[in-house]
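All of the numbers you see were taken from the coordinates with simple rules; none came from a lab. Quantities reported herein were computed from a predicted structural model and do not represent experimental measurements. Cβ atoms come from the backbone with ideal geometry, glycine included; neighbour counts cover every protein chain shown.
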């Protein structure tokens, strides 16, 4: 068995360009059958301890340990043109595994591929990075980047997409059509699929991004390169589904668009990073709590020098979702400790949550992440 790149457990893409690996490496077991023929297996897990103000039954602070996520990664290659992946996850309080990725990838040219099956539809950077490839603390942008937390199967959809690059991989673009029958899966508003006035429309989704400094190859992305690259990338994404917003009494279209920015610069003592995004959500006034404007800003600094096993990275984040039903804000103050990049890390964060009409809530969370 040999070490493979981070994307190996997604799709074993060492010989491709459009889906080439990102900066972080990842260990996975690989069995090779011949030229461009192999199967790769790996797994990852995230666990946390949380203490939340006024969350216990008697109104005191809660104290909880949680297995937030456990994933199995399987990928394979028939030849340099046909590859595939199969990933499953146990998420949150549900102990049963579900299929999150099951896709075939057809690499027609080094710069163009077709993905078909279940996978991340083109969307915001936060969704494309997910909980395992951001600067610690899991899917931290869930207040603003709502589709990755709330829609599909953990942000995935069943469908087909063109994934491509141009201009020496500086321009990356993707476009696809998807079923998208679970847009509001965890929102609390309910996903109604049997309203007699609702058409069975497909969702159209696309993303366009351009890298001015170092390139960012790969479809599945990352939220931070941990001091390994100089990054200045701007992205634009959107999705639309006719009759995608349906309650028991109303039907309307669903649309979302996003613009995001990632800047990272290597300095003598380490690397500074800035990530920001703006979101606009429209449900045709069917779900006011899921309609409105949102934005986040996150900054951090990873120190080059190791302390013990790893590197420290303090960070500060702010999110704001101004929905038509009320405003939600959260400020995070945290510290990451990266032992082996995204393969082994510990994060401690204090969150100040403000929900319009409710008292402010303090949350303290310590989480760990391991990938093999």
Among 223, 188, 130, the residue with the largest mean-square fluctuation in a Gaussian network model of the chain built from Cα contacts under 10 Å is 188
Per residue convex hull volume, Cα only, segment 26-75, in Å³ is 78 Å³
Neighbour-count order for 282, 58, 260, fewest beta carbons within 10 angstrom listed first | 58, 282, 260
From fewest to most C-beta neighbours within 10 Å, the residues 309, 257, 149 line up as 309, 257, 149
Helix-derived mean residue ellipticity, 222 nm - over the chain, DSSP H n ≥ 4, -39500 (n - 2.57), to 500 = -500 deg cm²/dmol
Looking only at 145, 348, 166, which one moves most when the chain is put into a Gaussian network model with springs between Cα atoms under 10 Å?
-> 166
So how do 255, 69, 358 line up by other beta-carbon neighbours within 10 Å, fewest first?
-> 358, 255, 69
Mind telling me which of 311, 361, 169 comes out most flexible in a GNM of the chain, alpha-carbon contacts under 10 Å?
-> 361
What FRET efficiency would be calculated for the residue pair residue 274, residue 309, taking the C-beta separation as r and a Förster radius of 25 Å, to the nearest 0.05?
-> 0.40
For segment 47-107, which semi-axes, largest first and in whole Å, follow from the square roots of 5 times the eigenvalues of its Cα gyration tensor?
-> 40, 9, 8
State whether segment 196-307 is rounded, prolate or oblate according to the following rule on the C-alpha gyration tensor (a ≥ b ≥ c being the square roots of its eigenvalues): a/c under 1.5 gives rounded; otherwise a/b larger than b/c gives prolate, and the remaining case gives oblate.
-> prolate
Report the calculated FRET efficiency for residue 55 and residue 213 (r = Cβ-Cβ distance, R0 = 35 Å), to the nearest 0.05.
-> 0.25
Label residue 293 and residue 195 with points 7 Å out from Cα along Cα→Cβ: what is the distance between them in nm?
-> 2.6 nm
